[in-house]
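**Student:** This structure is in structure tokens; I'll ask about it shortly.
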Amino acid sequence: MDIQSFIQQLLNGISLGSLYALIAIGYTMVYGILRLINFAHGDVFMLGTYFAFYLVMIFMLPWWLSATLAIALSAIVGMLIDRVAYRPLRSAPRISALITAVGVSFFLENAGIVVLGARPKGFPRPEFMSHTYNLGGAYITGVSIWVPVISVILLLVLFYVIYRTKIGMAMRAVATDMETTRLMGVDLDRVISYTFAIGSALAAAGGIMWACKYPQINPLMGIFPGWKAFTAAVVGGIGNILGATIGGLVIGIIEIMIVAFFPALSGYKDAFVFVILIIFLLVKPTGILGETLKEKV
Amino acid sequence: MLKLENLHVYYGGIHALKGITMDVPDGKIVTLIGANGAGKSTTLRAIAGLTRAQKGSIKLMNEDITGKPAHIVTQKGVAMAPEGRRIFPNLTVLENLMMGAYPRTDKEEIFSDLDWVFSLFPRLKERQRQKGGTLSGGEQQMLAVGRALMSRPKLLALDEPSLGLAPVLVNEVFDVLRQIHEEGCTILLIEQNAKAALKLADYGYVLETGRITMSGPGRELLENEKVKKAYLGE
């Protein structure tokens, strides 16, 4: 393999990885606070793409406005899922909330098939995403450039919110000591609601960019990216936002490189990701940056 | 300020509080002493809204706060420095203090209170950028008290502030409590260190296996033969 195509593959891996990272952050933030794996998270990713699709195709809104509105709508869906499905179970055993999460996921997928239709739809991607750029001999699509750029911007905003705002401070406090945070006069339900909103917004942003990369959307499209992002969150150290970012990039780059270096194995690329998950759970269940994992799923 | 009427708390099958009645008058220091497992922390948890009382009532300035969630109780003016300090180890000292002021929106007042807390505990000012988890035990206790003060409470409730501290530090913490009290804060102090607590307090209650068995002005309890034998080791 020559250097040009290696760089091309690396950029592909980074762009795929930053999408996994965006989704993984939602898993890890919710886990950090509630010790809950929100299995419906991948389906919020799917809903985000459909919101954008309908806003562009039916309401004929400009692309940037559709994307922004779709992200906002997905944030609301995330808060609703928490309000309707998880909040009533706050003091129930953890396993009940976990089973509920699986149920919410099945519900969204099947409701999606009924309401949105099972047939895949072509996603109307904007010109700057599909354009091919020639960078010193390496041909790179707009997606491979813009996805990492937009992801980095979103991550910077996220880190600002987490480390420089009041609500971010409350999120970090809740993640270490829920009871004492309540004693500070913090309304936990509100903090948790915001956490779902932020995670869902990032998942929707990831979903929309995913649809620009693979411009076909269907109601089950969230399942595999969701599982892989979950893997990324575990590999990075679940509960740790920086870890989820690193985990996402690692998983994305490994997935692309396996296909690039061993084309014969490309059919197994999904399996490789889960092999990585199994290895981590066996060897280092706390992940690359993780704190002690209190309960495994 | 705070009135408990016939408070009962059950933990699972255990009857932890068996009808507690107590009164914390405005501007006073009241202490609740008792052995391990007598129900001191349970009483505080019930007041703070962390544990539900099955029977009886808790009134804060004549307002019934029984069964109110913890964050509402805090917003109504009860601040707690919980047992074991429970500072946020991953937040900086400054952030820990700001968490104490979380529901407040009066920015300028918050910063003047911050200066006040730093004047009470100069050590915290030096270490404000450090992570809470890197502080020593005594500094963490100061942080827990300072954090509680940042809500500008009407009632400051402290659970075993002397626990695990060297005698010098215990004196330091109690001196600050005296100072806080002089500035008009009502204090409910829960202590195993009965001597120090009774010396400081205007009024004391003795708790034994979920019941108040004795009460009286702090000085009187210090002289009481039963208290001397059971709690002062004399």
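The values are calculated or read from the model by the stated rules, or taken from the named source; none is laboratory data. Note that this is a predicted model, so its numbers are computed, not measured. So basically every Cβ, Gly included, is an ideal-geometry build from the backbone, and we count neighbours across all protein chains shown.
**Student:** Looking only at region B:134-145, which residues are under 22 Å from A:Tyr163 (Cα atoms) and touching a Leu at 6+ places or on another chain (Cβ under 9 Å)?
**Tutor:** B:Leu135, B:Leu143, B:Ala144
**Student:** Now a separate question. Take the residues in region A:143-180 that are free of Cβ contacts under 8 Å to residues at least 60 places away in the same chain and among the small types (Gly, Ala, Ser), then tell me which one is farthest from the other protein chains (Cβ to nearest Cβ).
**Tutor:** Looking at the filtered set, the residue picked out is A:Gly168.
**Student:** When you check B:Arg147 against the structure, is it within 14 Å of chain A (Cβ to nearest Cβ) and either of a type in the set (A, V, I, L, M, F, W, C) or not in a strand (DSSP E or B) (or both), yes or no?
**Tutor:** yes
**Student:** Restricting to region A:135-155, give me the number of residues that are buried (at least 17 other Cβ atoms within 10 Å of the Cβ) and not in a strand (DSSP E or B).
**Tutor:** Number of matching residues: 11.
**Student:** Do any strands (runs of 3 or more DSSP E) lying entirely in region B:1-97 carry at least 2 residues that are of a type in the set (Gly, Ala, Ser) and within 30 Å of B:Lys229 (Cβ to Cβ), and which ones are they?
**Tutor:** B:14-24
**Student:** Further question: Could you check region A:181-193 and list, in sequence order, the residues that are out of contact with any Ser or Thr (no Cβ under 9 Å at 6 or more places or on another chain) and either in contact (Cβ under 8 Å) with a residue 60 or more places away in the chain or buried (at least 24 other Cβ atoms within 10 Å of the Cβ) (or both)?
**Tutor:** A:Thr181, A:Asp189, A:Ile192, A:Ser193 - these are the residues of region A:181-193 that are out of contact with any Ser or Thr (no Cβ under 9 Å at 6 or more places or on another chain) and either in contact (Cβ under 8 Å) with a residue 60 or more places away in the chain or buried (at least 24 other Cβ atoms within 10 Å of the Cβ) (or both).
**Student:** Just checking, does region A:83-94 include any residue being of a type in the set (Phe, Trp, Tyr), more than 14 Å from chain B (Cβ to nearest Cβ), more than 30 Å from B:Val78 (Cβ to Cβ) and surrounded by 12 or more Cβ atoms within 10 Å (Cβ to Cβ)? Steps first, answer last, please.
**Tutor:** Taking region A:83-94 and keeping what is of a type in the set (Phe, Trp, Tyr), we get A:86.
From what's left, more than 14 Å from chain B (Cβ to nearest Cβ): A:86.
Remaining after also requiring more than 30 Å from B:Val78 (Cβ to Cβ): none.
Within region A:83-94 (the criterion being of a type in the set (Phe, Trp, Tyr), more than 14 Å from chain B (Cβ to nearest Cβ), more than 30 Å from B:Val78 (Cβ to Cβ) and surrounded by 12 or more Cβ atoms within 10 Å (Cβ to Cβ)), the answer is no, since none of the residues qualifies.
**Student:** Here is a check on your reading of the model: is B:Thr66 closer than 25 Å to B:Gly27 by Cα, hydroxyl-bearing (Ser, Thr, Tyr) and free of Cβ contacts under 8 Å to residues at least 60 places away in the same chain?
**Tutor:** yes
**Student:** For region B:99-119, give me the residue count where each residue is surrounded by fewer than 20 Cβ atoms within 10 Å (Cβ to Cβ) and not acidic (Asp, Glu). Don't jump to the end; show me each part of the working.
**Tutor:** The first filter runs over region B:99-119 and keeps only residues surrounded by fewer than 20 Cβ atoms within 10 Å (Cβ to Cβ), leaving B:103-112, B:115-116, B:118-119.
Restricting the remaining residues to those that are not acidic (Asp, Glu) gives B:103-105, B:107, B:110-112, B:116, B:118-119.
Of the residues in that region, 10 qualify.
**Student:** Still on this structure, I have one more. State which residue pairs qualify: first residue over 16 Å from A:Ser5 (Cα atoms) and inside region A:254-269, second residue of a type in the set (D, E, K, R) in any location, beta carbons under 6 Å apart, and separation of 6 or more residues or different chains.
**Tutor:** A:Lys269/A:Glu255
**Student:** Same structure again: Can you run down the residue pairs with Cβ atoms below 6 Å, 6 or more apart or on separate chains, where the first is in region A:272-285 and under 19 Å from A:Phe261 (Cβ atoms) and the partner is β-branched (Val, Ile, Thr) and in a helix (DSSP H, G or I)?
**Tutor:** Matching pairs, first to second residue: A:Phe272/A:Ile258; A:Val273/A:Thr231; A:Val273/A:Ile251.
**Student:** Out of the residues in region A:224-244 that are part of a helix (DSSP H, G or I) and aliphatic (A, V, I, L, M), which is surrounded by the fewest Cβ atoms within 10 Å (Cβ to Cβ)?
**Tutor:** The extreme case among them is A:Leu242.
**Student:** Right, next: Give the residue that is surrounded by the fewest Cβ atoms within 10 Å (Cβ to Cβ), with candidates limited to residues of region B:4-43 that are within 25 Å of B:Lys154 (Cβ to Cβ) and hydroxyl-bearing (Ser, Thr, Tyr).
**Tutor:** B:Thr21
**Student:** From the list A:Phe196, A:Phe123, which residue is touching an Asp or Glu at 6+ places or on another chain (Cβ under 6 Å) and more than 10 Å from chain B (Cβ to nearest Cβ)? Reasoning before the result, please.
**Tutor:** Details: A:Phe123 fails: touching an Asp or Glu at 6+ places or on another chain (Cβ under 6 Å).
Within the list A:Phe196, A:Phe123, the selection yields A:Phe196.
**Student:** Restricting the search to region A:156-187, which residues are touching a His at 6+ places or on another chain (Cβ under 7 Å) and assigned to a helix (DSSP H, G or I)?
**Tutor:** Matches in region A:156-187: A:Arg182 only.
**Student:** Any residue in region B:167-176 that is part of a loop (DSSP other than H, G, I, E, B) and within 13 Å of the chain's Cα centre (by Cα)?
**Tutor:** The answer is no, given that none of the residues of region B:167-176 is part of a loop (DSSP other than H, G, I, E, B) and within 13 Å of the chain's Cα centre (by Cα).
**Student:** Further question on the same structure: How many of the residues making up region B:61-94 are over 15 Å from the mean Cα position of the chain (by Cα) and either over 23 Å from B:Gly133 (Cβ atoms) or more than 9 Å from chain A (Cβ to nearest Cβ) (or both)? Please lay out each step first, then the result.
**Tutor:** Going through region B:61-94, the residues over 15 Å from the mean Cα position of the chain (by Cα) turn out to be B:61-69, B:71-72, B:75-76, B:88-94.
Filter once more, so that each one left must be either over 23 Å from B:Gly133 (Cβ atoms) or more than 9 Å from chain A (Cβ to nearest Cβ) (or both): B:61-69, B:71-72, B:75-76, B:92-94.
The qualifying residues number 16.
**Student:** Take the conditions modelled with pLDDT of 95 or more, farther than 23 Å from B:Ile33 by Cα and in a loop (DSSP other than H, G, I, E, B) and apply them to B:Arg129. Does it pass?
**Tutor:** For B:Arg129, the condition - modelled with pLDDT of 95 or more, farther than 23 Å from B:Ile33 by Cα and in a loop (DSSP other than H, G, I, E, B) - is met.
**Student:** Same structure, new question: Of the residues A:Leu289, A:Leu281, A:Leu265, A:Leu220, only one is surrounded by fewer than 23 Cβ atoms within 10 Å (Cβ to Cβ), within 16 Å of the chain's Cα centre (by Cα) and among the hydrophobic types (A, V, I, L, M, F, W, C); which?
**Tutor:** Numbers: A:Leu289 fails: within 16 Å of the chain's Cα centre (by Cα); A:Leu281 fails: within 16 Å of the chain's Cα centre (by Cα); A:Leu265 fails: within 16 Å of the chain's Cα centre (by Cα).
Testing whether each residue is surrounded by fewer than 23 Cβ atoms within 10 Å (Cβ to Cβ), within 16 Å of the chain's Cα centre (by Cα) and among the hydrophobic types (A, V, I, L, M, F, W, C) leaves just A:Leu220.
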